[in-house]
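The values are calculated or read from the model by the stated rules, or taken from the named source; none is laboratory data. Nothing here was measured: the structure is a model prediction, and the numbers come from that model. We place every Cβ from the backbone using ideal geometry, glycine too, and count neighbours over all the protein chains shown.
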Ligand code: LMR
């Protein structure tokens, strides 16, 4: 009966994590999945989260179903983080926000919404992008295309090509954008480039869908939301999926949000209703624990301030690792340019290693990165960085 079912080849990122866990090499280093490890190589529990957890645990409260859209405080937290506290569009009720099962859940509900209400729309993703973007939209029967983004040869963005491509798209086609810390390249647009992109989107009546999974890891909380807030200022309709996996270090709690910015409050109410309906038929309502953590940290001024500081500490440690890696590699291979390492933002560096070089790093040194050459810089620390740099220098010299 099930013989005709295809085997699943596994996920290129999550599968790598399993392979890493099974590796007996005592020197192994995990630079695959986008997870922040601290200076001791440990996945941190943020202090603000510990405080929130203590409040949740005392007294231990009953666990009713949450509303389909999740906790109001979770939704408010998403909105204020993305659009700014007191933003006019929030006061005017123009944003429909639901709490979601991580950023992936937000993308899934958004993709289903687009499939149902904009059936003619295609979705265009950057070349390259996070693999799950394609899988999620195609899985919702939305046709996916790619727009030019990363220039491997020059470690830069194919900006003019990208803009020319956007100009060929049809009204209401969806463009999936990374407002900060592009995954997998780490290469972001400047604010002036965002302005140009958004002007083209406006002129051609395209739909921007911004997926922000690393807010706070690039410039800062507000700077990383530049594209989102600029789109709002320009009066564009807008989808935003956001994730708290990385910036609250709450990976397994699966907490995120989906926000849709609408031209009128009436439209926002309709959209909110349909998002609820979509949630009901996919998973009914989100889980409560992570939602409570988000609610507490985002809505308590002192905890929020502490949280921002903790995110910036993670950001700064990653930046320090970039500088160190660059300087060690430059010393070892002086004829090669490693400037790209410090021009990229967030957790990832697109190293330009060939799949064979990535494979050698894994088999010879137990160093894991994604086969497209993406390295999670947040897996580096002062104890393993020389080992990694030496190994990279070794495979690059061949
Ligand atoms: C990543 O890109 O490594 C993360 O977003 C984790 C994932 O689910 O792929």
For segment 1-27, give me each residue that is outside any helix (DSSP H, G or I) and surrounded by 11 or more Cβ atoms within 10 Å (Cβ to Cβ). 10, 11, 12, 13, 23, 25, 27
Mind telling me which of the residues 187, 210, 221 ends up being closer than 22 Å to residue 374 by Cβ, at pLDDT 95 or above and surrounded by fewer than 23 Cβ atoms within 10 Å (Cβ to Cβ)? 210
So in segment 39-61, with the set limited to residues that are in contact (Cβ under 8 Å) with a residue 12 or more places away in the chain and either within 16 Å of the ligand (Cβ to nearest atom) or in a loop (DSSP other than H, G, I, E, B) (or both), which one is surrounded by the fewest Cβ atoms within 10 Å (Cβ to Cβ)? 40
Residues of segment 227-264 being part of a helix (DSSP H, G or I), in contact with a strand residue (DSSP E or B) (Cβ under 9 Å, 6 or more places away or on another chain) and either within 16 Å of the ligand (Cβ to nearest atom) or within 17 Å of residue 204 (Cα to Cα) (or both), which ones? 231, 232
Identify the residue in segment 344-361 that is farther than 19 Å from residue 154 by Cα and within 16 Å of the ligand (Cβ to nearest atom) and, among all such residues, is surrounded by the fewest Cβ atoms within 10 Å (Cβ to Cβ). 358
Within segment 301-336, can you find the residues that are without any contact (Cβ under 8 Å) to a residue 24 or more places away in the chain and not in a helix (DSSP H, G or I)? 334, 335
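Residues checked against (1) crowded, with 16+ Cβ neighbours inside 10 Å; (2) away from the ligand (no atom under 16 Å from the Cβ); (3) in contact (Cβ under 8 Å) with a residue 24 or more places away in the chain; (4) more than 20 Å from residue 207 (Cβ to Cβ):
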| position | (1), (2), (3), (4) |
| --- | --- |
| 144 | yes, yes, no, no |
| 150 | yes, no, yes, yes |
| 154 | no, yes, no, yes |
| 164 | no, yes, no, no |
| 170 | no, yes, yes, no |
Across segment 107-131, which residue is farthest from residue 277 (Cα to Cα) among those that are free of Cβ contacts under 8 Å to residues at least 60 places away in the same chain and either away from the ligand (no atom under 15 Å from the Cβ) or surrounded by fewer than 19 Cβ atoms within 10 Å (Cβ to Cβ) (or both)? 127
Where residues in segment 14-38 are closer than 19 Å to residue 348 by Cβ and out of contact with any strand residue (DSSP E or B) (no Cβ under 9 Å at 6 or more places or on another chain), which of them is nearest to the ligand (Cβ to nearest atom)? 14
Residue 86 passes all but one of (1) within 16 Å of the ligand (Cβ to nearest atom); (2) within 21 Å of residue 267 (Cα to Cα); which number fails? (1)
Would you check if there is a residue in segment 89-102 being within 16 Å of the ligand (Cβ to nearest atom), modelled with pLDDT of 95 or more, under 28 Å from residue 381 (Cα atoms) and surrounded by 15 or more Cβ atoms within 10 Å (Cβ to Cβ)? yes
